[in-house]
Amino acid sequence: MRAIEGQLRDGMARNGSRRGADTVVRSITSFALYGFPESHSASFALIVYASAYLKAHYPAVFYAALLNNQPMGSTTRPRW
């Protein structure tokens, strides 16, 4: 944010919005501190819930899916 704050303020001044620049910069900075991690934590919570549900109610399907995605984190499919 610091890298582009000057550009943002200059652009707002050219468009006649110098007074609102402080408010906009403060709002964007405040959101940047929690908005990105919060959105990712919400998505992660959904994945965890779905995984836990499958593990509890459909364990065979859960473990088959887990084995089909080995090695974990890999984007290639196993050759077996």
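The values are calculated or read from the model by the stated rules, or taken from the named source; none is laboratory data. Note that the structure is predicted; figures quoted are calculated from it, not measured. With ideal geometry, Cβ positions are generated from the backbone for all residues, glycine too; neighbour counts draw on all protein chains shown. Just so you know, the surface numbers come from the protein's heavy atoms only, side chains and all, with ligands and any DNA or RNA stripped out. Shrake-Rupley method; radii C 1.70, N 1.55, O 1.52, S 1.80 Å.
Nearest 0.05, what FRET efficiency do Asn68 and Tyr34 give at R0 = 35 Å with Cβ-Cβ as r?
In this case the efficiency is close to 0.45.
Scale the Cα Rg of the range 1-65 by the rule-of-thumb value 2.2 N^0.38 Å and send over the ratio, two decimals.
2.00
Could you tell me what percent of the accessible area of the range 27-71 is made up of carbon and sulfur, with a 1.4 Å probe and every protein chain present?
For the range 27-71, the apolar C and S fraction of the accessible surface comes to 74 percent.
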